[in-house]
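Student: The structure that follows is given in the form of structure tokens.
The values are calculated or read from the model by the stated rules, or taken from the named source; none is laboratory data. All figures in this text were calculated on a predicted structure; none of them were measured in a lab. Quick reminder, even Gly has a Cβ in these numbers, built from the backbone with ideal geometry, and neighbours come from all protein chains shown. All accessible areas refer to the heavy atoms of the entire protein, side chains included, with ligands and DNA or RNA removed. Shrake-Rupley method; radii C 1.70, N 1.55, O 1.52, S 1.80 Å.
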Amino acid sequence: MTSVVLFPGQGSQFMGMGQKLVHYPGVKELYEEASAIVGYDLLKLCLNGPKSELDKTIHCQPAVMITSLAAIEKFREEHPQAIENCVATAGFSVGEFAALVFSGVLSFPDAVKVVKVRAEAMQRASEITSSGMLTVFLAHDSRLKEALKLAKEYCTERRDIPDPVCTVANFLFPECKVIAGHEEFNTVQSDCFTGRGKLFYAYSSTLFKVIALQVEALEFIATNAKEFRLLRTKRLPVSGAFHTRLMESAVQPLQHAMSNLQLAAPKIPVYSNVTSAPYHAKAHYSHLLGQQLVRPVRWEQILHNIYCRPQGVEFPGTYEMGPGRQMGTLLRQVNAQAYKQYHSIDTLFGVEASSLKPLHVNTWRDRSRQLLADGGHRKWVCLGG
């Protein structure tokens, strides 16, 4: 059977991640090499926190990428055939850098250096303008485009924000998106939008996206969700409007960090967050990865492209590398048949690594299904950068 490897992004981190990996060959050395580059003890931060530090953009992006690559070492030990038979890989936002290392395009130390620069630049961009991200769940009759348009009008007319941002930042699956844009931590008053009637509190049912907005725009949409027939909204614990033009100041530092790197041709096709297609042989990686900061993550489209196949053709085994099972949850929503062959390479806290035994494929599948049944759906609203 062929295989596909997926890597999570910012928002999947948790204290204790990596504990099940440190006894595998080469894992401690990965963390030590990365720690020397970033200037602090990454393994200690992953295992012991504090959570407030681990959740910071400047820390969680390197931590998630390195823990994901550490999971590859466990994967190599337990499923060597799946490594050999891998036909595609992709990573969500910062997870794309892990995919590029896995495919041989980037060296590990170069990836750590670039992600360090990326995280610091995104943190600085977040501090320039108050902004945030909001997950929205949609129904067939949700009016998300109208909500985004009116939120920007509200920011312009009532908050005096010139050229406000309020746009889709992550396409997760048909019923869910993340939006992002301007944000301000003030309560919206009941007369916030003249001429549109009462404020609305909304959740929509069958569509889901992540929207990045300035906080004023986010608050407007969350408050008026019912009017726009949105099923539900959830604010993300991130510091900025990632994957929108509010990250423009982070593009040049990232591209500069990549300007002199030696990049190799991918050994495995890597799907771009920007185009949702595999990088071609002469791809301009620094340009596309810079654009990734200011353009939406097309994860739903990536999954469609990876798993599209004629009826009756077997789906590949899918392996998620790194903390959490968010990529599996999204896969289940986009392609339930492909999800039947999904497995998570576990990094969870709570079991002594010395007592671990290799698990059969069905065990991994059963565990991930149980997580979803127990409320794992709450995890995938935390995706960010």
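Student: Once phi is turned into θ = phi - 60°, what whole-Hz ³J(HN,Hα) does the Karplus curve with 6.51, -1.76 and 1.60 give for every residue of region 146-153, x standing for Gly and Pro?
Tutor: Per residue, the Karplus-derived 3J(HN,Hα) values read 5, 4, 5, 4, 5, 4, 5, 4 Hz.
Student: Using amide H atoms built 1.01 Å from N in the peptide plane, name the residues 5+ places from PHE173, or on other chains, whose amide H lies under 5 Å from its own.
Tutor: PHE208
Student: Follow-up. Could you report region 69-186's accessible area per residue, 1.4 Å probe, as an integer in Å²?
Tutor: On the way: 4120 Å² over 118 residues.
That works out to 35 Å² per residue.
Student: Tell me which aspartates and glutamates have Cα within less than 17 Å of LYS51's Cα, excluding those fewer than 8 residues away on the same chain?
Tutor: Here the aspartates and glutamates satisfying the reach criterion relative to LYS51 are ASP41.
Student: Shifting gears a bit: Out of the total accessible area of region 32-99 (probe 1.4 Å, heavy atoms of protein only), what percent is carbon and sulfur?
Tutor: Working: 1160 of 2320 Å².
On region 32-99, the fraction of accessible area on carbon and sulfur atoms equals 50 percent.
Student: Is there a quick way to get the dipole size of region 39-80? I mean about its Cα centre, with the Cβ of Lys and Arg at +1 and of Asp and Glu at -1; what is the value in debye to the nearest 20? Display every interim value, and only then the final one.
Tutor: On the way: 5 positive and 6 negative charges, 19 e Å.
Rounded to the nearest 20 debye, it is 100 debye.
Student: Show me the ranking of peptides 83-95, 261-273, 228-240 by mean Cβ neighbours inside 10 Å, starting with the highest.
Tutor: On the way: 83-95: 22.6, 261-273: 17.4, 228-240: 21.1.
My ranking of the peptides, most packed first, is 83-95, 228-240, 261-273.
Student: Report, by chain and number, residues whose modeled amide H sits under 5 Å from the one on ARG232, excluding near sequence neighbours (fewer than 5 apart, same chain).
Tutor: Answer set, sorted by chain and number: PHE137, TYR203, SER204.
Student: Quote the FRET efficiency, to the nearest 0.05, computed for CYS308 versus ARG158 with a Förster distance R0 of 45 Å and r equal to the Cβ-Cβ distance.
Tutor: Working: r = 44 Å, r/R0 = 0.99.
About 0.50, to the nearest 0.05.
Student: How would region 120-188 be classified by its alpha-carbon gyration tensor: rounded, prolate or oblate, with rounded meaning a/c under 1.5 and the a/b versus b/c comparison settling the rest? Could the numbers behind the result be given before it?
Tutor: On the way: a/c = 2.37, a/b = 1.27, b/c = 1.87.
The shape class here is oblate.
Student: A follow-up question, please. Leaving out ligands, DNA and RNA, what percent of the accessible area of region 108-148 is carbon and sulfur, probe 1.4 Å? Numbers along the way, then the final one.
Tutor: Numbers: 840 of 1530 Å².
C and S atoms contribute 55 percent here.
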